[in-house]
1. Against the conditions (1) modelled with pLDDT of 80 or more; (2) within 30 Å of Met272 (Cα to Cα); (3) in contact with a Lys or Arg (Cβ under 8 Å, 6 or more places away or on another chain); (4) among the acidic types (Asp, Glu), where does Asp216 fall short? Just the number, please.
2. Please verify whether the range 155-173 includes one or more residues that are among the hydrophobic types (A, V, I, L, M, F, W, C), farther than 23 Å from Asp35 by Cβ and in contact with a strand residue (DSSP E or B) (Cβ under 9 Å, 6 or more places away or on another chain).
3. So, of the residues in the range 123-137 that are closer than 18 Å to Pro171 by Cα and touching a residue at least 24 places away in the same chain (Cβ under 8 Å), which turns out to be surrounded by the fewest Cβ atoms within 10 Å (Cβ to Cβ)?
4. For Thr240, are the conditions met, namely being assigned by TED's automatic domain parsing to the domain that holds Val292 and either modelled with pLDDT under 85 or of a type in the set (Asp, Glu) (or both)?
5. Scan (1) in contact with a helix residue (DSSP H, G or I) (Cβ under 6 Å, 6 or more places away or on another chain); (2) assigned to a strand (DSSP E or B); (3) among the hydrophobic types (A, V, I, L, M, F, W, C) for the single condition Ile191 breaks and write down its number.
6. For Pro103, work out the one condition from (1) buried (at least 18 other Cβ atoms within 10 Å of the Cβ); (2) touching a residue at least 60 places away in the same chain (Cβ under 8 Å); (3) over 26 Å from the mean Cα position of the chain (by Cα) it doesn't fulfil.
7. On the given criteria, is Trp196 in contact with a Leu (Cβ under 8 Å, 6 or more places away or on another chain) and at pLDDT 90 or above?
8. Quick one: count up the residues across the range 1-24 that are among the aliphatic types (A, V, I, L, M) and either within 13 Å of Ala122 (Cα to Cα) or not assigned by TED's automatic domain parsing to the domain that holds Ser128 (or both).
Amino acid sequence: MTTRSCPKCKGQSRDGFLCYSCVRATKKALDRIADLWPALQETITRRDRTQPASEVRAQTIYGPLPFRDAPSRVAAEVRNDLVGWVRISIDELGADVPRDTIPGLCRALSSSAHQLRKHEAAAEWAESIAGDMARIVRAVDLTDRRAPAGPCPERTEDGEPCGGVIVAVYPVDERVSPWMECTKSDPGTDICGGVWDATEWRSLGPRILARKAQIDGQKARPKADLSLIEWPAEVPAEVTPISIADAAVIYGVPPGTIRGWLHDKRLTKYPMAAGLSTPGRPVTVGVDPEQVARLAAERKAELERVRTRGERE
(Lines give C-alpha, C1' and ligand atoms only; values in the text may rest on other atoms or scores of the structure.)
Protein backbone atom coordinates (compact mmCIF):
# COMPACT_ATOMS: atom_id res chain seq x y z
CA MET A 1 0.00 0.00 0.00
CA THR A 2 1.47 3.33 -1.09
CA THR A 3 1.91 5.86 1.71
CA ARG A 4 0.80 9.35 0.72
CA SER A 5 1.77 12.51 2.53
CA CYS A 6 0.04 15.78 3.33
CA PRO A 7 1.37 18.59 1.08
CA LYS A 8 1.70 20.92 4.09
CA CYS A 9 2.89 18.96 7.16
CA LYS A 10 4.26 15.93 5.25
CA GLY A 11 2.39 13.62 7.61
CA GLN A 12 0.30 10.70 6.41
CA SER A 13 -2.75 11.45 4.28
CA ARG A 14 -4.98 8.68 2.94
CA ASP A 15 -5.78 10.44 -0.32
CA GLY A 16 -2.69 12.62 -0.72
CA PHE A 17 -4.61 15.85 -0.13
CA LEU A 18 -4.35 18.21 2.86
CA CYS A 19 -4.66 16.00 5.97
CA TYR A 20 -7.55 16.47 8.37
CA SER A 21 -5.18 17.59 11.12
CA CYS A 22 -4.12 20.55 8.97
CA VAL A 23 -7.75 21.21 7.99
CA ARG A 24 -8.80 21.40 11.65
CA ALA A 25 -5.86 23.66 12.48
CA THR A 26 -6.76 25.97 9.60
CA LYS A 27 -10.41 26.16 10.66
CA LYS A 28 -9.27 26.97 14.19
CA ALA A 29 -7.03 29.73 12.81
CA LEU A 30 -10.01 31.17 10.90
CA ASP A 31 -12.02 31.21 14.13
CA ARG A 32 -9.17 33.02 15.88
CA ILE A 33 -8.92 35.63 13.12
CA ALA A 34 -12.62 36.39 13.47
CA ASP A 35 -12.37 36.52 17.28
CA LEU A 36 -9.30 38.78 17.31
CA TRP A 37 -10.46 41.18 14.59
CA PRO A 38 -12.14 43.61 17.07
CA ALA A 39 -8.94 43.67 19.14
CA LEU A 40 -6.94 44.47 16.00
CA GLN A 41 -9.27 47.42 15.26
CA GLU A 42 -8.73 48.70 18.80
CA THR A 43 -4.97 48.42 18.28
CA ILE A 44 -5.17 50.32 14.99
CA THR A 45 -7.17 53.18 16.53
CA ARG A 46 -4.97 53.37 19.65
CA ARG A 47 -7.77 52.31 21.99
CA ASP A 48 -5.71 49.46 23.42
CA ARG A 49 -2.99 49.55 26.05
CA THR A 50 -0.91 46.68 24.81
CA GLN A 51 1.77 48.83 23.12
CA PRO A 52 4.54 50.43 25.20
CA ALA A 53 4.27 54.16 25.87
CA SER A 54 7.61 54.79 24.10
CA GLU A 55 6.49 53.39 20.73
CA VAL A 56 7.66 55.20 17.60
CA ARG A 57 4.63 56.83 15.98
CA ALA A 58 4.37 57.70 12.32
CA GLN A 59 4.54 61.46 11.85
CA THR A 60 2.91 63.80 9.40
CA ILE A 61 3.38 67.54 8.98
CA TYR A 62 0.31 67.86 11.22
CA GLY A 63 1.61 65.56 13.97
CA PRO A 64 1.16 61.85 14.80
CA LEU A 65 -1.19 59.74 12.69
CA PRO A 66 -4.53 59.05 14.40
CA PHE A 67 -3.94 55.33 13.82
CA ARG A 68 -1.11 52.85 14.01
CA ASP A 69 0.40 52.21 10.62
CA ALA A 70 1.82 48.68 11.12
CA PRO A 71 -1.39 47.06 12.49
CA SER A 72 -3.35 48.87 9.79
CA ARG A 73 -1.17 47.23 7.11
CA VAL A 74 -1.68 43.83 8.77
CA ALA A 75 -5.46 44.30 8.67
CA ALA A 76 -5.38 45.25 4.97
CA GLU A 77 -3.16 42.29 4.04
CA VAL A 78 -5.26 39.81 6.01
CA ARG A 79 -8.48 41.06 4.43
CA ASN A 80 -6.91 40.76 0.96
CA ASP A 81 -5.81 37.19 1.70
CA LEU A 82 -9.27 36.18 2.93
CA VAL A 83 -11.01 37.81 -0.04
CA GLY A 84 -8.65 36.05 -2.44
CA TRP A 85 -9.34 32.60 -1.01
CA VAL A 86 -13.09 33.27 -0.87
CA ARG A 87 -13.00 34.18 -4.57
CA ILE A 88 -11.33 30.85 -5.32
CA SER A 89 -13.98 28.99 -3.33
CA ILE A 90 -16.73 30.84 -5.24
CA ASP A 91 -15.24 30.67 -8.75
CA GLU A 92 -13.77 27.16 -8.63
CA LEU A 93 -15.77 25.34 -5.96
CA GLY A 94 -19.20 26.92 -6.41
CA ALA A 95 -19.45 28.30 -2.87
CA ASP A 96 -22.03 30.99 -2.02
CA VAL A 97 -21.06 34.65 -1.78
CA PRO A 98 -20.61 35.49 1.94
CA ARG A 99 -21.16 38.74 3.81
CA ASP A 100 -18.35 41.23 3.27
CA THR A 101 -17.16 41.16 6.86
CA ILE A 102 -14.15 39.43 8.35
CA PRO A 103 -16.31 36.99 10.42
CA GLY A 104 -18.40 36.32 7.29
CA LEU A 105 -15.32 35.62 5.17
CA CYS A 106 -13.86 33.36 7.85
CA ARG A 107 -17.09 31.38 8.21
CA ALA A 108 -17.30 30.96 4.43
CA LEU A 109 -13.75 29.59 4.22
CA SER A 110 -14.35 27.30 7.19
CA SER A 111 -17.48 25.92 5.49
CA SER A 112 -15.49 25.28 2.29
CA ALA A 113 -12.50 23.76 4.11
CA HIS A 114 -13.18 20.16 3.06
CA GLN A 115 -13.41 21.24 -0.57
CA LEU A 116 -10.36 23.51 -0.37
CA ARG A 117 -8.25 20.65 1.08
CA LYS A 118 -8.38 19.02 -2.37
CA HIS A 119 -7.41 22.21 -4.24
CA GLU A 120 -3.96 22.31 -5.83
CA ALA A 121 -3.11 25.33 -3.63
CA ALA A 122 -4.41 23.73 -0.40
CA ALA A 123 -1.01 23.85 1.33
CA GLU A 124 -0.60 27.51 0.41
CA TRP A 125 -4.11 28.21 1.73
CA ALA A 126 -3.39 26.55 5.08
CA GLU A 127 -0.03 28.32 5.45
CA SER A 128 -1.57 31.67 4.46
CA ILE A 129 -4.35 31.42 7.07
CA ALA A 130 -1.91 30.32 9.79
CA GLY A 131 0.38 33.22 8.89
CA ASP A 132 -2.50 35.71 8.94
CA MET A 133 -3.53 34.56 12.41
CA ALA A 134 0.06 34.81 13.69
CA ARG A 135 0.42 38.36 12.30
CA ILE A 136 -2.79 39.48 14.00
CA VAL A 137 -1.65 37.97 17.32
CA ARG A 138 1.67 39.84 17.04
CA ALA A 139 -0.03 43.06 15.99
CA VAL A 140 -2.34 43.16 18.99
CA ASP A 141 0.57 42.11 21.21
CA LEU A 142 -1.25 39.13 22.70
CA THR A 143 0.63 36.12 24.03
CA ASP A 144 -1.54 33.15 24.91
CA ARG A 145 -0.46 31.05 27.88
CA ARG A 146 0.08 27.43 26.86
CA ALA A 147 0.29 24.53 29.31
CA PRO A 148 0.89 20.89 28.32
CA ALA A 149 -1.80 18.58 29.72
CA GLY A 150 -0.52 15.15 28.66
CA PRO A 151 -0.56 12.64 25.80
CA CYS A 152 -3.47 12.68 23.36
CA PRO A 153 -5.93 9.78 23.92
CA GLU A 154 -7.40 9.90 20.39
CA ARG A 155 -6.46 8.02 17.22
CA THR A 156 -5.28 9.36 13.87
CA GLU A 157 -7.32 9.08 10.67
CA ASP A 158 -5.47 5.79 9.99
CA GLY A 159 -6.73 4.31 13.27
CA GLU A 160 -3.31 4.40 14.96
CA PRO A 161 -2.82 5.83 18.48
CA CYS A 162 -2.20 9.55 18.25
CA GLY A 163 1.37 10.58 19.05
CA GLY A 164 0.50 14.17 19.88
CA VAL A 165 0.52 16.13 23.12
CA ILE A 166 -2.57 17.92 24.44
CA VAL A 167 -1.87 21.58 25.21
CA ALA A 168 -4.27 23.85 27.08
CA VAL A 169 -4.37 27.36 25.58
CA TYR A 170 -5.46 30.29 27.77
CA PRO A 171 -5.91 33.39 25.57
CA VAL A 172 -4.92 36.77 26.92
CA ASP A 173 -7.99 38.16 25.17
CA GLU A 174 -10.73 37.51 27.74
CA ARG A 175 -13.37 37.50 24.99
CA VAL A 176 -11.93 34.24 23.66
CA SER A 177 -12.64 31.05 25.60
CA PRO A 178 -9.73 28.72 26.43
CA TRP A 179 -9.37 25.47 24.54
CA MET A 180 -7.20 22.37 24.27
CA GLU A 181 -5.50 21.26 21.09
CA CYS A 182 -3.43 18.31 19.95
CA THR A 183 0.08 19.39 18.94
CA LYS A 184 3.05 17.53 17.50
CA SER A 185 5.69 16.36 19.97
CA ASP A 186 8.19 16.23 17.09
CA PRO A 187 7.96 17.06 13.35
CA GLY A 188 7.62 13.44 12.23
CA THR A 189 4.71 12.56 14.54
CA ASP A 190 1.28 11.77 13.10
CA ILE A 191 -1.43 13.43 15.17
CA CYS A 192 -5.21 13.66 15.12
CA GLY A 193 -5.20 17.48 15.31
CA GLY A 194 -8.16 17.49 17.69
CA VAL A 195 -9.45 20.65 19.35
CA TRP A 196 -11.61 20.68 22.50
CA ASP A 197 -13.39 23.67 24.00
CA ALA A 198 -13.65 24.31 27.73
CA THR A 199 -16.95 22.39 28.05
CA GLU A 200 -15.18 19.17 27.05
CA TRP A 201 -12.27 19.38 29.48
CA ARG A 202 -14.04 17.51 32.29
CA SER A 203 -14.47 14.39 30.15
CA LEU A 204 -11.10 14.74 28.39
CA GLY A 205 -9.03 14.91 31.60
CA PRO A 206 -9.58 11.29 32.76
CA ARG A 207 -8.83 10.04 29.24
CA ILE A 208 -5.52 11.91 29.19
CA LEU A 209 -4.58 10.40 32.58
CA ALA A 210 -5.54 6.91 31.39
CA ARG A 211 -3.43 7.29 28.24
CA LYS A 212 -0.48 8.55 30.30
CA ALA A 213 -0.78 5.57 32.65
CA GLN A 214 -0.87 3.25 29.64
CA ILE A 215 2.30 4.79 28.16
CA ASP A 216 4.09 4.70 31.53
CA GLY A 217 3.09 1.05 31.94
CA GLN A 218 4.47 0.15 28.53
CA LYS A 219 7.78 1.85 29.37
CA ALA A 220 8.06 0.08 32.72
CA ARG A 221 7.03 -3.37 31.48
CA PRO A 222 10.11 -5.55 30.84
CA LYS A 223 10.20 -7.17 27.43
CA ALA A 224 10.25 -10.95 27.64
CA ASP A 225 13.03 -12.69 25.74
CA LEU A 226 11.09 -15.61 24.27
CA SER A 227 14.32 -17.20 23.10
CA LEU A 228 15.16 -17.97 26.74
CA ILE A 229 12.00 -20.03 27.32
CA GLU A 230 12.63 -23.77 27.48
CA TRP A 231 10.18 -25.03 24.88
CA PRO A 232 9.42 -28.74 24.39
CA ALA A 233 11.16 -30.27 21.38
CA GLU A 234 7.85 -30.27 19.49
CA VAL A 235 4.14 -29.89 20.10
CA PRO A 236 2.41 -33.28 20.17
CA ALA A 237 -0.06 -33.82 17.34
CA GLU A 238 -2.92 -34.35 19.79
CA VAL A 239 -2.31 -30.97 21.51
CA THR A 240 -3.69 -27.68 20.18
CA PRO A 241 -2.24 -24.97 22.43
CA ILE A 242 -4.26 -21.92 23.44
CA SER A 243 -3.03 -18.68 24.98
CA ILE A 244 -3.12 -18.03 28.71
CA ALA A 245 -5.63 -15.22 28.18
CA ASP A 246 -7.97 -17.49 26.20
CA ALA A 247 -7.63 -20.30 28.74
CA ALA A 248 -8.51 -17.88 31.56
CA VAL A 249 -11.72 -16.86 29.76
CA ILE A 250 -12.74 -20.39 28.74
CA TYR A 251 -12.16 -22.11 32.09
CA GLY A 252 -12.87 -19.22 34.44
CA VAL A 253 -9.42 -19.25 36.04
CA PRO A 254 -7.40 -16.06 36.72
CA PRO A 255 -4.41 -15.66 34.35
CA GLY A 256 -2.14 -15.37 37.39
CA THR A 257 -3.23 -18.82 38.59
CA ILE A 258 -2.42 -20.33 35.18
CA ARG A 259 1.01 -18.70 35.20
CA GLY A 260 1.53 -20.14 38.70
CA TRP A 261 0.77 -23.63 37.38
CA LEU A 262 3.33 -23.05 34.62
CA HIS A 263 5.90 -21.91 37.17
CA ASP A 264 5.21 -25.00 39.33
CA LYS A 265 5.51 -27.19 36.21
CA ARG A 266 1.96 -28.45 36.58
CA LEU A 267 1.36 -27.19 33.04
CA THR A 268 3.55 -27.63 29.97
CA LYS A 269 4.64 -24.60 27.95
CA TYR A 270 4.02 -24.77 24.23
CA PRO A 271 5.03 -22.24 21.56
CA MET A 272 2.19 -20.89 19.46
CA ALA A 273 1.53 -18.09 17.00
CA ALA A 274 0.19 -14.98 18.72
CA GLY A 275 -3.56 -14.61 18.40
CA LEU A 276 -6.01 -11.83 19.11
CA SER A 277 -5.11 -11.86 22.79
CA THR A 278 -1.52 -10.82 22.13
CA PRO A 279 -1.40 -8.76 18.90
CA GLY A 280 1.93 -7.86 17.44
CA ARG A 281 3.92 -10.78 18.88
CA PRO A 282 4.93 -13.59 16.49
CA VAL A 283 5.25 -16.25 19.22
CA THR A 284 3.69 -16.53 22.65
CA VAL A 285 3.28 -19.08 25.42
CA GLY A 286 0.53 -21.62 24.85
CA VAL A 287 -0.97 -24.21 27.19
CA ASP A 288 -2.72 -27.52 26.71
CA PRO A 289 -6.47 -26.91 27.17
CA GLU A 290 -7.00 -30.43 28.54
CA GLN A 291 -4.38 -29.87 31.25
CA VAL A 292 -5.95 -26.52 32.12
CA ALA A 293 -9.43 -28.10 32.27
CA ARG A 294 -8.17 -30.80 34.66
CA LEU A 295 -6.40 -28.34 36.94
CA ALA A 296 -9.36 -25.95 36.83
CA ALA A 297 -11.69 -28.79 37.92
CA GLU A 298 -9.33 -29.69 40.78
CA ARG A 299 -9.17 -26.03 41.80
CA LYS A 300 -12.95 -25.73 41.75
CA ALA A 301 -13.36 -28.87 43.84
CA GLU A 302 -10.80 -27.64 46.37
CA LEU A 303 -12.54 -24.26 46.64
CA GLU A 304 -15.86 -26.04 47.16
CA ARG A 305 -14.38 -28.18 49.94
CA VAL A 306 -12.99 -25.12 51.66
CA ARG A 307 -16.35 -23.35 51.38
CA THR A 308 -18.24 -26.37 52.77
CA ARG A 309 -15.82 -26.77 55.66
CA GLY A 310 -16.22 -23.10 56.48
CA GLU A 311 -20.00 -23.39 56.57
CA ARG A 312 -19.84 -26.41 58.93
CA GLU A 313 -17.55 -24.58 61.32
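The values are calculated or read from the model by the stated rules, or taken from the named source; none is laboratory data. Note that the structure is predicted; figures quoted are calculated from it, not measured. Counting neighbours? That spans all protein chains shown, and the Cβs are built from the backbone with ideal geometry, glycine included.
1. Evaluating Asp216 over (1) modelled with pLDDT of 80 or more; (2) within 30 Å of Met272 (Cα to Cα); (3) in contact with a Lys or Arg (Cβ under 8 Å, 6 or more places away or on another chain); (4) among the acidic types (Asp, Glu) leaves (3) as the failure.
2. Yes, there is a match, as at least one residue in the range 155-173 is among the hydrophobic types (A, V, I, L, M, F, W, C), farther than 23 Å from Asp35 by Cβ and in contact with a strand residue (DSSP E or B) (Cβ under 9 Å, 6 or more places away or on another chain).
3. Among those that are closer than 18 Å to Pro171 by Cα and touching a residue at least 24 places away in the same chain (Cβ under 8 Å), it is Ala130.
4. Yes: the conditions hold for Thr240.
5. (2)
6. (1)
7. On the way: in contact with a Leu (Cβ under 8 Å, 6 or more places away or on another chain): yes; at pLDDT 90 or above: no.
Answer is no for this residue.
8. Number satisfying all stated conditions: 2.
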